[in-house]
Structure formats: C-alpha cells, structure tokens
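Participant: Pasting in a structure now, in structure tokens, and then I'll have a few things to ask.
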Amino acid sequence: MRSQAAALLKSGKTDQPIVLHLNCLGGDVLSGRKLLQTMDDIKKQGLTIEVYADCAMSFAILFLANGSRGHRFVSPLGEYMIHESRIPEISGSSLPRYELEFRALADYLRGNNSLVRDTIIANSNGKLDASTLKEKTHNGSDWYLTPQEVVQYGLADDIRTPAIEPKA
C-alpha cells in the first residue's frame, strides 16, 4: 500500500483512490497496528483509501472503519463481526487481554485513548455508542452484523459490489 501511495504521489495522480479489498477473519494486534498506521500515514498525505469488504471480522473491522469516509463499502452478501479476545487474562494484570489489546491499539492510533472500541466509535460518525458496543460484545460474545447494520452503525458508508475490470 505504501508503494502504491508513493507512486500516486510521484505521478501527481492524488485524485485516484488506493483500493483495499478485505476478505479477512482478523489477525494479531501488532500486524493490525502496522496496517492501520500505514492507512493513517497515507490519508495524512491527502490520498483516499477506498475499502471494499466482503468479510471483515474481529480486528479486520477496524480496517473497514478506518477507510476514508464516503469510500467504505460492504458487500450485500458479506460477513462482519466484532468481538472481544478469547484470551481472558494476562498474568499480573487485572484487565482482560482484550482490554489490554484495545488500549494498546487505541494508544497507538490516537495517543491517550484507552480502548479500540473508542476507535470504532470515532469512525462510526456518532452512530454507535460505547454502551451498545459493550452490550453486544460482553463476555466474549461474537457480534455478527448484517451489511445493513454495518452501514447503520456507521462502520461503512454504503452497500455495493466493487466494479472489477476484466484483465485483458
């Protein structure tokens, strides 16, 4: 993604979006942080990141929510899920592991904020609040969302299928 951004900046074609197609079940926090940081760096340079998500579960929902506003799309047949980490505790800490991961990611993204759910909420355009998110994901519950709910809660902007040009 960084090389595509560099090529667009070098060519002066800053009006062309960088397109990210997601079909992701999640992943580890460190890798996710790196991708989110790359997305933020690219957006700071004035480039647009257009995200199409066929599947965005667990940490991957943040990639969808972190796309450029107005350019975040979900598939009409897609699968979307938010949940807490399955690992309940880290030794020596009274906080559940998901809470520590959420705090680490949020700190990385926005300084002193304490939870990834703050990041999700911030990217939802005010359509998702902390109490709803906590209620839906308490006790390690998986919160599966329909494409309509992903848009309703502001994590994406529209439901659409990406136009894919056939290779010649």
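Participant: Considering the range 118-154 alone, what residues qualify as being of a type in the set (A, V, I, L, M, F, W, C), at pLDDT 90 or above and surrounded by 19 or more Cβ atoms within 10 Å (Cβ to Cβ)? Even if it seems obvious, please write down each step before you answer.
Facilitator: Pass one, the range 118-154, residues of a type in the set (A, V, I, L, M, F, W, C): 120-122, 128, 130, 133, 143, 145, 150-151.
Imposing the further condition that a residue be at pLDDT 90 or above reduces the set to 145, 150-151.
Listed by number, the residues that qualify are L145, V150.
Participant: Whether any residue in the range 46-55 is aromatic (F, W, Y) and at pLDDT 85 or above is what I want to check. Talk me through it step by step, then tell me what you get.
Facilitator: If we filter the range 46-55 for residues that are aromatic (F, W, Y), which is where we start, we get 52.
Next, only the ones that are at pLDDT 85 or above stay: 52.
The answer is yes, given that some residue of the range 46-55 is aromatic (F, W, Y) and at pLDDT 85 or above.
Participant: Please verify whether K34 is open to solvent by 30 Å² or more (accessible area, probe 1.4 Å) and under 21 Å from H83 (Cα atoms), treating the condition exactly as stated. Break it down stepwise before answering.
Facilitator: Details: open to solvent by 30 Å² or more (accessible area, probe 1.4 Å): yes; under 21 Å from H83 (Cα atoms): yes.
So K34 fits the description; yes.
Participant: Out of (1) part of a helix (DSSP H, G or I); (2) at pLDDT below 85; (3) not hydrophobic (A, V, I, L, M, F, W, C), what's the single condition that is false for T38?
Facilitator: Of everything listed in (1) part of a helix (DSSP H, G or I); (2) at pLDDT below 85; (3) not hydrophobic (A, V, I, L, M, F, W, C), T38 misses just condition (2).
Participant: Quick check: anything in the range 95-117 open to solvent by 30 Å² or more (accessible area, probe 1.4 Å) and at pLDDT 80 or above? Show your work before the answer.
Facilitator: From the range 95-117, those open to solvent by 30 Å² or more (accessible area, probe 1.4 Å) are 95-98, 100-104, 107-114; that's our starting set.
Filter again for at pLDDT 80 or above, leaving none.
Checked against the condition, which is being open to solvent by 30 Å² or more (accessible area, probe 1.4 Å) and at pLDDT 80 or above, the range 95-117 yields no hits at all.
The values are calculated or read from the model by the stated rules, or taken from the named source; none is laboratory data. Since the model is a prediction, treat every value here as computed from it, not as a measurement. All Cβ positions, glycine included, derive from the backbone under ideal geometry; neighbour counts span all protein chains shown. The protein model used for the area step is the full one, side chains on, heavy atoms only, and it has no ligands, DNA or RNA in it. Shrake-Rupley method; radii C 1.70, N 1.55, O 1.52, S 1.80 Å.
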